[in-house]
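The values are calculated or read from the model by the stated rules, or taken from the named source; none is laboratory data. This is a predicted model, so every value here is computed, not measured. Neighbour counts are summed over all protein chains in view; Cβ atoms, including those assigned to glycine, are modelled from backbone coordinates with ideal geometry. Ligands, DNA and RNA are excluded from the accessible area calculation, which covers all protein heavy atoms including side chains. Shrake-Rupley method; radii C 1.70, N 1.55, O 1.52, S 1.80 Å.
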Amino acid sequence: MTNGGMIIVGAGEAGAQAAVELRRRGWTGSITLIGEENRQPYERPPLSKQALLSEGEPSPAVMLNAETIREHDIGFLPGYKAVKIERDNRAVTLSDGSGMSYERLLLATGAKPRLLTLNGSAPQGVLYLRTFADALAIRGRLRPGKRVAVIGGGFIGLEVAASARQLGCEVTLIEAGPRILMRGVPEEIAVMVNDRHAAAGVVFKLGVSIATIEGTGEGHVITLADGTGIHCEMVIAGIGAVPETSLAAECGLVIENGISVNETLATSDPNIFAAGDCCSFPHPLYNRRRIRLEAWQNAQEQGRHAACSMLGATDPYSVVPWFWSDQYEQSLQVAGLSDMGQTTVERDLGIKGKLFFHLSGEGRLVSVSGIGPDGGIAKEIRLASMLIEKQIRPNADLLADPGTKLKRLLKEVG
């Protein structure tokens with residue numbers, strides 16, 4: 001058993017950021033970062049884009065290289081899995097049988113793909129995208145003329161569909177809901193994204209469920225509930241993610257749509273914290289509504305915040321949620337929680353794109369959504385995010401007027 005220090009389970013965005021932040025904040029004791037994959041911590045957003053589209057052999061976008069790990073004196077254990085937590089002894093057991101004691105423990109275990117099930121079982125041969133190895137497996141089969149069925153009209157499904165089309169594949173996207181991007185994206189933007197994909201040649205099957213998926217010698221036949229048959233060489237499912245909570249649940253931590261944490265990201269055990277896709281937390285900007293976010297920015301920010309909390313800080317985590325997705329030459333961005341809005345105000349930016357401001361029943365700005373060319377809306381979204389953070393109640397006419405600079409509204413309330 002090693003001496004107590006800071007142990008981080010999970011070497012994704014949240015875990016890697018926490019390890020570095022602990023050193024930045026002055027922690028001089030041991031830091032151990034445990035990662036199940038036998039490779040250095042890497043970014044996941046490029047998996048559905050650059051990893052599939054790069055002309056040369058792709059490599060993961062490494063977050064912490066060997067030099068950075070040495071520089072920050074981080075004990076990195078790739079290819080290991082934490083299999084047990086003994087809270088009374090403050091100890092973690094690893095997959096090789098060894099044990100480590102901790103002063104504070106961070107669970108950054110992320111999420112895993114939600115598996116497609118039909119009649120209680122998972123169809124054979126369906127591919128999922130979560131790891132770099134998954135991306136390589138999919139990339140190796142994306143060839144011009146290949147027929148690809150993508151199940152799920154969320155961010156991942158659409159990004160994979162766009163990459164497959166850019167590589168010359170014939171793509172059919174199947175979504176059980178009445179439209180794509182049902183979660184967190186207003187219908188106005190979903191329609192624009194749908195139209196862009198359709199213009200690129202993606203065939204949509206919306207509002208219909210899958211009856212069966214049967215393997216053939218050349219691939220699969222998907223039969224929809226309406227009797228439509230879809231023949232394809234590859235099936236890729238992107239139907240959401242499930243928080244990885246098994247380790248936390250087995251040691252008795254409270255689970256509530258993920259590992260339940262308080263405003264400082266502490267779990268029901270004050271010596272154990274959680275961050276990233278695996279946890280749910282109360283957000284102070286949204287009436288302490290408990291939410292769980294599957295987003296790069298949230299994992300990054302929560303990793304840093306958790307590190308501070310592990311060292312004794314008591315500040316609440318209140319960062320405005322932010323999501324983005326690249327769809328061909330278009331960038332889609334959302335700040336805040338659009339489902340908290342009751343009215344929507346549109347701002348037309350011309351060739352730069354469109355913004356949609358979402359206001360609560362009391363007129364408070366709670367979210368902004370935007371779509372436009374790469375980088376065209378980024379500054380506007382950042383400014384709007386600052387307005388959301390200040391909880392302002394802006395004049396709707398000013399929001400709609402592209403001649404009214406958001407920076408001016410910030411100065412007026414600042």
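So GLY252 clears everything in (1) in a loop (DSSP other than H, G, I, E, B); (2) more than 30 Å from PHE281 (Cα to Cα); (3) out of contact with any strand residue (DSSP E or B) (no Cβ under 7 Å at 6 or more places or on another chain); (4) modelled with pLDDT of 95 or more except one condition, right? Which one?
(2)
Among the candidates ILE377, ILE388, single out the residue that is without any contact (Cβ under 8 Å) to a residue 60 or more places away in the chain, open to solvent by less than 10 Å² (accessible area, probe 1.4 Å), closer than 17 Å to VAL185 by Cβ and under 22 Å from the mean Cα position of the chain (by Cα). Quick ask: steps written out before the conclusion?
On the way: ILE388 fails: without any contact (Cβ under 8 Å) to a residue 60 or more places away in the chain.
Every option except ILE377 fails the conditions.
For VAL160, are the conditions met, namely being modelled with pLDDT under 95, in contact with a Ser or Thr (Cβ under 9 Å, 6 or more places away or on another chain) and either of a type in the set (D, E, K, R) or outside any strand (DSSP E or B) (or both)? First the steps, then the outcome.
Working: modelled with pLDDT under 95: no; in contact with a Ser or Thr (Cβ under 9 Å, 6 or more places away or on another chain): yes; either of a type in the set (D, E, K, R) or outside any strand (DSSP E or B) (or both): yes.
So VAL160 fails the test.
Have a look at ARG292, ARG347 and point out the one that is farther than 20 Å from PRO45 by Cβ, modelled with pLDDT of 95 or more and charged (D, E, K, R). Give the steps one after another, and end with the answer.
Numbers: ARG292 fails: farther than 20 Å from PRO45 by Cβ.
Matching residue, one of ARG292, ARG347: ARG347.
When only residues in the range 113-159 that are over 22 Å from GLY217 (Cα atoms) and charged (D, E, K, R) count, which is nearest to the chain's Cα centre (by Cα)? First the steps, then the outcome.
Start the filter on the range 113-159 by keeping residues that are over 22 Å from GLY217 (Cα atoms), which leaves 113-115, 119-120, 129-136, 152-159.
Those still in the list that are charged (D, E, K, R) too: 114, 130, 134, 159.
Details: ARG114: 13, ARG130: 10, ASP134: 16, GLU159: 13 Å.
Among those that are over 22 Å from GLY217 (Cα atoms) and charged (D, E, K, R), it is ARG130.
Do you know which of the residues in the range 391-414 that are assigned to a helix (DSSP H, G or I) and in contact (Cβ under 8 Å) with a residue 40 or more places away in the chain is farthest from GLY370 (Cα to Cα)? Write out each step before concluding.
Quick first cut of the range 391-414, residues assigned to a helix (DSSP H, G or I) only: 396-400, 406-413.
Retained after the next criterion (residues that are in contact (Cβ under 8 Å) with a residue 40 or more places away in the chain): 396, 399-400.
Working: ALA396: 17, LEU399: 13, ALA400: 13 Å.
Going through the qualifying residues, I end up with ALA396.
Can you pull out every residue in the range 178-225 that is of a type in the set (Gly, Ala, Ser) and either in a loop (DSSP other than H, G, I, E, B) or open to solvent by less than 60 Å² (accessible area, probe 1.4 Å) (or both)? Lay out the reasoning, then the answer.
Step one: of the range 178-225, the residues of a type in the set (Gly, Ala, Ser) are 184, 190, 198-201, 207, 209, 211, 215, 217, 219, 225.
GLY184, ALA190, ALA198, ALA200, GLY201, GLY207, SER209, ALA211, GLY217, GLY219, ALA225 - these are the residues of the range 178-225 that are of a type in the set (Gly, Ala, Ser) and either in a loop (DSSP other than H, G, I, E, B) or open to solvent by less than 60 Å² (accessible area, probe 1.4 Å) (or both).
Determine whether GLY110 is modelled with pLDDT of 95 or more, among the small types (Gly, Ala, Ser), within 30 Å of VAL235 (Cβ to Cβ) and open to solvent by 30 Å² or more (accessible area, probe 1.4 Å).
On the way: modelled with pLDDT of 95 or more: yes; among the small types (Gly, Ala, Ser): yes; within 30 Å of VAL235 (Cβ to Cβ): yes; open to solvent by 30 Å² or more (accessible area, probe 1.4 Å): no.
For GLY110, the condition - modelled with pLDDT of 95 or more, among the small types (Gly, Ala, Ser), within 30 Å of VAL235 (Cβ to Cβ) and open to solvent by 30 Å² or more (accessible area, probe 1.4 Å) - is not met.
Return the pairs, sorted by first residue and then second, in which the second residue is open to solvent by 50 Å² or more (accessible area, probe 1.4 Å), the first residue lies in the range 128-151 and is within 13 Å of CYS169 (Cβ to Cβ), the beta carbons are less than 8 Å apart, and the residues are 6+ apart or on different chains.
Correct list of pairs: GLY145/GLU170; LYS146/GLU170; ARG147/GLU170; ARG147/HIS231; VAL148/GLU170.
Filter the range 34-74 for residues that are more than 23 Å from LEU22 (Cα to Cα), within 18 Å of the chain's Cα centre (by Cα) and open to solvent by 60 Å² or more (accessible area, probe 1.4 Å) and give the result.
Listed by number, the list holds a single entry, GLN50.
For the range 226-240, how many residues are under 24 Å from the mean Cα position of the chain (by Cα) and open to solvent by 10 Å² or more (accessible area, probe 1.4 Å)?
Counting residues in the range 226-240 that are under 24 Å from the mean Cα position of the chain (by Cα) and open to solvent by 10 Å² or more (accessible area, probe 1.4 Å) gives 3.
What pairs come up if the first residue lies in the range 152-181 and is closer than 17 Å to ARG44 by Cβ, the second is among the aliphatic types (A, V, I, L, M) and open to solvent by 50 Å² or more (accessible area, probe 1.4 Å), and their beta carbons are under 8 Å apart, counting only those six or more places apart or on different chains?
Every condition considered, the pairs that remain are GLY152/ILE239; GLY154/MET182; GLY154/ILE239; GLY157/ILE239; SER163/LEU53.
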